[in-house]
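The values are calculated or read from the model by the stated rules, or taken from the named source; none is laboratory data. Nothing here was measured: the structure is a model prediction, and the numbers come from that model. Cβ placement follows ideal geometry from the backbone for every residue including glycine, while neighbour counts extend to all protein chains displayed. We work out accessible area using only protein heavy atoms, side chains counted, and drop any ligands, DNA or RNA first. Shrake-Rupley method; radii C 1.70, N 1.55, O 1.52, S 1.80 Å.
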Amino acid sequence: MAVVLITGASSGIGKETAALLASQGHKVYGAARRVNLIEEVPGVVPVKLDITDEESTRECVDFVMKEEGRIDVLVNNAGYGYFGAIETVPLEDARNQLEVNVFGLARLTKMVLPVMREQGGGRIVNISSVAGKITLYFGGWYNVSKFAVEAFSDALRAEVKPFGIDVVLIEPGSIKTGWGAIAADHLEESSKGTAYEKPALNEAFAMKKLYGVNLISSPSVVSKAISRAVNSRHPRVRYRPGTGAHAMLFFHAILPAKWWDSLVRMLGHDKVRKMASKLK
């Protein structure tokens, strides 16, 4: 049995993963701002956490340490997507995207590392995305955050390996959670009245349709990948679950950059909106 701390545990992938790990016999602490949503998950201990706040993060780690005296696994799952054209997304919103997805992750990791080093080992599982490897249409600032998580994790892995600490990346493709609708809402909000409005609204419409049907993977495929990363004696460096993850990375690797750019821009065309409107 491992002592697991997972962030963003109040919904979606985080909530499902917390439930799965608890059912496997691990002692799971689920952290989020909305702890009432974690209280309903059997076997998961809710912990209040605002990932952007230093004091809240410290209190979260201290609470787990007081209860268990160790943290074997940290799953950095908290994050969200703010979509919009680079030009139109306010820098305040861009900074907040990075504060949650990158600096919040880094803050908690830095607090947990001394614990793991002192106890002689541990495992850090960072939830990235295929968007940490390829750019998505109007996903610039989200891409920046996930590219940063990739670099952060690769650098950290080499640094902490001598202390018996593993660093694993999860790079999901399209997953049916509330993430898509939230990202689409942000895209609409940041694009209205701008030069990017028409293609952005088409893309937002297509995103909402895509994330509202059963053509993409359920959160369970990601929670199972995280479970493998937690339970494996020798985990892989990267796991890529979910619809399109391997395909997108393959085509990004083999296509010339200009061809890839053209493919990405197609997502903003009216014909994509018409195709998306037929999804049920």
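Listed conditions (1) part of a loop (DSSP other than H, G, I, E, B); (2) closer than 30 Å to GLY193 by Cα are all met by GLY25, apart from (2). For the stretch 200-222, the criterion of being basic (Lys, Arg) and either modelled with pLDDT of 85 or more or touching a Pro at 6+ places or on another chain (Cβ under 9 Å) (or both) is satisfied by no residue at all.
If only residues of the stretch 88-99 that are of a type outside the set (D, E, K, R) and not in a loop (DSSP other than H, G, I, E, B) are counted, the one that is farthest from GLU171 (Cα to Cα) is LEU91. Can you tell me which residues in the stretch 1-21 are hydrophobic (A, V, I, L, M, F, W, C) and crowded, with 24+ Cβ neighbours inside 10 Å? Within the stretch 1-21, VAL4, LEU5, ILE6, ALA9, ILE13, ALA18, LEU21 meet the criteria. Just one of the listed residues (LEU5, LEU20) is assigned to a strand (DSSP E or B) and of a type outside the set (D, E, K, R), namely LEU5. If the condition is being of a type in the set (A, V, I, L, M) and assigned to a loop (DSSP other than H, G, I, E, B), then the stretch 225-265 contributes VAL237, LEU255.
Working carefully through the options LYS48, LYS27, find the one that is open to solvent by 50 Å² or more (accessible area, probe 1.4 Å), closer than 22 Å to GLY120 by Cα and out of contact with any Gly (no Cβ under 8 Å at 6 or more places or on another chain).
Values: LYS48 fails: closer than 22 Å to GLY120 by Cα.
Residue meeting the stated conditions: LYS27.
Of everything in the stretch 124-136, what is among the β-branched types (Val, Ile, Thr) and open to solvent by 30 Å² or more (accessible area, probe 1.4 Å)? Give them in sequence order. If you could, list the steps in order and put the result at the bottom.
Let us first name the residues in the stretch 124-136 that are among the β-branched types (Val, Ile, Thr), namely 124-125, 127, 130, 134-135.
Of everything in the stretch 124-136, just one residue is among the β-branched types (Val, Ile, Thr) and open to solvent by 30 Å² or more (accessible area, probe 1.4 Å), namely THR135.
For the stretch 176-199, how many residues are at pLDDT below 80 and either in a loop (DSSP other than H, G, I, E, B) or buried (at least 18 other Cβ atoms within 10 Å of the Cβ) (or both)? Of the residues in that region, 5 qualify. Taking each residue of the stretch 140-169 that is in contact (Cβ under 8 Å) with a residue 12 or more places away in the chain and in a helix (DSSP H, G or I) and looking for partners that are among the aromatic types (Phe, Trp, Tyr) and open to solvent by less than 30 Å² (accessible area, probe 1.4 Å) with beta-carbon atoms closer than 9 Å, six or more apart or interchain, yields GLY140/PHE83; TRP141/TYR82; TRP141/PHE83; TYR142/TYR82; TYR142/PHE83; SER145/TYR82.
Rundown of residues vs (1) in contact (Cβ under 8 Å) with a residue 40 or more places away in the chain; (2) farther than 21 Å from SER232 by Cβ; (3) open to solvent by 20 Å² or more (accessible area, probe 1.4 Å); (4) in a loop (DSSP other than H, G, I, E, B), yes/no style:
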| site | (1), (2), (3), (4) |
| --- | --- |
| VAL64 | yes, yes, no, no |
| LEU74 | yes, no, no, no |
| ILE86 | yes, yes, yes, yes |
| ASN101 | yes, yes, no, no |
| THR109 | yes, no, no, no |
| PRO114 | no, yes, yes, no |
| PHE138 | yes, yes, yes, yes |
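Listed by first and then second residue, the pairs linking a residue in the stretch 224-237 that is within 13 Å of VAL167 (Cβ to Cβ) and of a type outside the set (A, V, I, L, M) to a residue that is open to solvent by 30 Å² or more (accessible area, probe 1.4 Å) and part of a helix (DSSP H, G or I), with Cβ atoms under 9 Å apart and 6 or more places separating them unless they lie on different chains, are PRO235/ARG228; ARG236/ARG228. For the stretch 30-40, the set of residues classified as crowded, with 21+ Cβ neighbours inside 10 Å and out of contact with any Pro (no Cβ under 6 Å at 6 or more places or on another chain) consists of ALA31, ALA32, listed by residue number.
Taking each residue of the stretch 25-39 that is touching a residue at least 60 places away in the same chain (Cβ under 8 Å) and over 14 Å from ILE51 (Cβ atoms) and looking for partners that are open to solvent by less than 40 Å² (accessible area, probe 1.4 Å) and part of a loop (DSSP other than H, G, I, E, B) with beta-carbon atoms closer than 7 Å, six or more apart or interchain, yields HIS26/ALA2.
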